[in-house]
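Take a look at the structure set out below.
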Amino acid sequence: MLIFDAHLDLAWNAIDWNRDLRLPASDIRGHEKDEGMTAKARGCNTVSLAELRRGKIGICIATVLARHMRPGPLSAVVRYTSMEAAYGVAYGQLAYYRGLEQEGHLRWIKDWPTLQSHVEAWLSNGGDQPVGFILSMEGADPILRPDQVQEWYDAGLRIVGPAHYGPSPYARGHNMEGGLFPQGPALLREMERVGIILDVTHLSDQCFFEALDIYGGPVLASHHNCRALVPDPRQLSDEQIKRLIARGGVIGAALDAWMLSPGWVRGETTPEKAGVTLETMVDHIDHVCQLAGNARHAAIGTDLDGGFGREQSPRDLDTIADLQRLPEILARRGYDDRAIEGIMYGNWVRFFRDAWKRK
Ligand SMILES: [Zn+2]
């Protein structure tokens, strides 16, 4: 079955971690082990273009990710001391996608006609097609001013998540308390005017609600699980899920194991010990479907290789190609064929059709 994965940091892996994503995951692992790389997530990646094709993940949302260093809670990806440097790095990542497109590995999807024909081509020809991607920005740090949003749209950007870990120039991340920074509302209004979709993933709770009040365009949560099942501010509360459903939003279930299983201690708990499997991910998908009363708002947004590898993924997942086991799990849980197709790709396709047709 065709799969749409709504969150992959492909360019960040290729450029910051120097991974040749054209290779099978096993080759990338072997190379990193040969080089003596033993840091977290090294030598155990799960994503590459070869694996995407093998698993029929024919469409994804691919990110540019370049964080400006600011006072506040930090994470390993926060590294640039000026926004101009983040701007430059993000354009470098964008150019990486352009290069893969020029070599025939990717198809850059920026509008509904291209998405529609891409999906039809995958459904009829499967693996012969390039992998399609929609460009997103995780953390709006590379946008120097709100009036630069148009430039980014013209460059091919279609989605912005204003926050990531800690403070971004416009919004606070999920691990902080508080609302939007002074330039946040102007950024959101310009995104709506230009036609850039809002990704609420990583926003602090207060920023989430402020953003939904200010921004009237289409809203998604690209890689986000349920707080009711695993309590943490990184996850969506039932109230937030209901707000997204009321706005026609779609929520991508993520595969970072700590977001799937309560009580996870990073670096200590293992997927094996915690019993985290793809079935656990389906628990989160099912929770969204139960709140919606239908299967039209839950989907996939794995975030695989988003700073973690096999050590922090479900124990029955070796590479991203194993997502093909999800339809069978959903069927066992009582989902019919139409609902399963929606969760695997159709809900995202419908979301982008609606988002782009109203522009
Ligand atoms: Zn993320």
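Residues that are surrounded by 24 or more Cβ atoms within 10 Å (Cβ to Cβ) and either touching a Leu at 6+ places or on another chain (Cβ under 8 Å) or without any contact (Cβ under 8 Å) to a residue 40 or more places away in the chain (or both) within segment 209-233 comprise Ala211, Leu220, Ala221, His224, Asn225, Cys226, listed in sequence order.
Table: residues versus (1) buried (at least 22 other Cβ atoms within 10 Å of the Cβ); (2) away from the ligand (no atom under 16 Å from the Cβ).
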position: Ala121; (1), (2): no, yes
position: Asp128; (1), (2): no, yes
position: Trp152; (1), (2): yes, yes
position: Val160; (1), (2): yes, no
position: Gly166; (1), (2): yes, no
position: Ala171; (1), (2): yes, no
position: Gly184; (1), (2): yes, yes
position: Arg189; (1), (2): no, yes
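Could you check segment 327-345 and list, in sequence order, the residues that are open to solvent by less than 80 Å² (accessible area, probe 1.4 Å) and without any contact (Cβ under 8 Å) to a residue 60 or more places away in the chain? Ile329, Leu330, Ala331, Gly334, Tyr335, Ala339, Gly342, Ile343, listed by residue number.
Count of segment 237-285 residues, restricted to those that are within 20 Å of Leu304 (Cα to Cα), over 18 Å from the mean Cα position of the chain (by Cα) and crowded, with 16+ Cβ neighbours inside 10 Å, is 10.
For the subset of segment 306-319 comprising residues that are away from the ligand (no atom under 16 Å from the Cβ) and in contact (Cβ under 8 Å) with a residue 40 or more places away in the chain, which member is most open to solvent (accessible area, probe 1.4 Å)? For segment 306-319, the residue satisfying everything is Arg315. Take the conditions (1) under 16 Å from the mean Cα position of the chain (by Cα); (2) of a type in the set (Asp, Glu); (3) open to solvent by 50 Å² or more (accessible area, probe 1.4 Å); Asp303 misses just one of them, which is (3). The set of residues in segment 138-148 being touching a helix residue (DSSP H, G or I) at 6+ places or on another chain (Cβ under 7 Å) and either within 15 Å of the ligand (Cβ to nearest atom) or within 17 Å of Gly92 (Cα to Cα) (or both) consists of Ala140, Asp141, Pro142, Ile143, Leu144. If you take the residues in segment 2-36 that are part of a loop (DSSP other than H, G, I, E, B) and touching a Leu at 6+ places or on another chain (Cβ under 8 Å), which one is farthest from Val47 (Cα to Cα)? Looking at residues that are part of a loop (DSSP other than H, G, I, E, B) and touching a Leu at 6+ places or on another chain (Cβ under 8 Å), I get Leu2.
For first residues located in segment 284-300 and at pLDDT below 95, partners that are in a helix (DSSP H, G or I) and among the hydrophobic types (A, V, I, L, M, F, W, C) and lie 6+ apart or on another chain with Cβ distances below 9 Å do not occur. Condition check for Trp356 on (1) in a helix (DSSP H, G or I); (2) over 22 Å from Glu138 (Cβ atoms); (3) open to solvent by 10 Å² or more (accessible area, probe 1.4 Å): one failure, at (2). The single condition from (1) in contact with a strand residue (DSSP E or B) (Cβ under 9 Å, 6 or more places away or on another chain); (2) among the aliphatic types (A, V, I, L, M); (3) part of a helix (DSSP H, G or I) that Ala95 fails is (1). Taking (1) open to solvent by less than 10 Å² (accessible area, probe 1.4 Å); (2) touching a residue at least 60 places away in the same chain (Cβ under 8 Å); (3) under 30 Å from Arg247 (Cα atoms); (4) in contact with a Gly (Cβ under 9 Å, 6 or more places away or on another chain) in turn, Gln324 satisfies each apart from (1).
The values are calculated or read from the model by the stated rules, or taken from the named source; none is laboratory data. Source: prediction; values computed, not measured. So basically every Cβ, Gly included, is an ideal-geometry build from the backbone, and we count neighbours across all protein chains shown. Note: accessible area is taken over every heavy atom of the protein model, side chains too, but ligands, DNA and RNA are not part of it. Shrake-Rupley method; radii C 1.70, N 1.55, O 1.52, S 1.80 Å.
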